[in-house]
Amino acid sequence: MQAYRIAVMLPDVERRKRTLGPLHFFAGCVFVFYSASLLRGIRSDSITYWSAVILMGLWIAVFALAGKRIFPHEKDFAAASRSMRWLESGLFVLLALFVFLHGGPYLHAVILLCWSLAFALMAWTERALFEPIYVSITDKGIGIPRPGNPRVITWNQIEGVALRPDFFTILLPGNRYMQFEVTQLLLDAEIVEINEFCSSMLKQNTPS
């Protein structure tokens with residue numbers, strides 16, 4: 001069975017990547033806010049406490065604003081972003097423990113643990129943001145990337161296919177189409193081969 005994979009870009013994924021910096025900055029602001037607000041009900045003049053809070057808040061802010069410059073390679077930035085998200089989650093666990101140890105309101109501790117869980121879930125779901133995304137082409141149809149399992153469009157549901165070095169277009173009934181930006185380097189021979197394969201599949205699945 002012949003099969004091809006074409007690396008593509010999804011706009012939704014790219015938009016979510018652009019939100020990573022603002023989300024880290026938001027996490028830093030929330031961390032500093034809660035760290036400061038806890039001292040209203042828990043008396044503490046510890047220099048160590050405030051030094052740790054300020055340093056962690058500054059580091060999160062620096063990463064949020066300049067993380068891509070510090071880690072210019074996408075794989076390095078992806079790993080650093082996930083590590084930072086786990087750090088943010090751990091910091092809120094520590095704040096929750098701080099509340100418990102100092103006899104603070106349990107509701108504050110529960111809220112802090114909820115924030116910790118939220119940042120942990122972000123770290124888990126953001127793993128897939130930097131993984132390669134492919135459109136798959138087989139004799140059964142074309143697999144469209146989406147969260148979870150890809151959607152397969154069978155050949156009898158497709159009116160035409162056009163692959164170029166920069167875009168892959170699928171023509172659908174009713175003047176509809178799906179278009180993906182190609183992110184891998186394709187040789188001319190590969191483009192011709194894939195287009196010919198798609199044409200042959202369309203002919204085989206077109207009612208005579």
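Of the set (1) in contact with a Ser or Thr (Cβ under 7 Å, 6 or more places away or on another chain); (2) within 30 Å of PRO165 (Cβ to Cβ); (3) without any contact (Cβ under 8 Å) to a residue 24 or more places away in the chain, all apply to MET9 but (3). Residue-level analysis places ILE54 among those that are assigned to a helix (DSSP H, G or I) and modelled with pLDDT under 85.
For the residues ARG127, ARG146, ARG151, the requirement of being in contact with a Leu (Cβ under 9 Å, 6 or more places away or on another chain) and surrounded by fewer than 17 Cβ atoms within 10 Å (Cβ to Cβ) singles out ARG146.
Evaluated against (1) at pLDDT 90 or above; (2) over 30 Å from CYS198 (Cβ atoms); (3) not acidic (Asp, Glu), VAL135 falls short on exactly one condition, (2).
Give all pairs with beta carbons closer than 7 Å in which a residue from segment 155-177 that is in the same structural domain as GLU190 (by TED's automatic domain parsing) and in contact (Cβ under 8 Å) with a residue 12 or more places away in the chain meets a residue that is part of a loop (DSSP other than H, G, I, E, B) and polar (S, T, N, Q); count only pairs at least 6 apart in sequence or on separate chains. What qualifies is TRP155/ASN205; ASN156/ASN205.
Can you name every residue in segment 189-205 that is among the polar types (S, T, N, Q) and part of a helix (DSSP H, G or I)?
Within segment 189-205, the subset among the polar types (S, T, N, Q) is 195, 199-200, 204-205.
The answer is ASN195, SER199, SER200, GLN204.
The values are calculated or read from the model by the stated rules, or taken from the named source; none is laboratory data. A quick note: this is a predicted structure, and the numbers were derived from the prediction, not measured. Every residue, glycine as well, gets a Cβ built from its backbone with ideal geometry; the counts of neighbours run over all protein chains shown.
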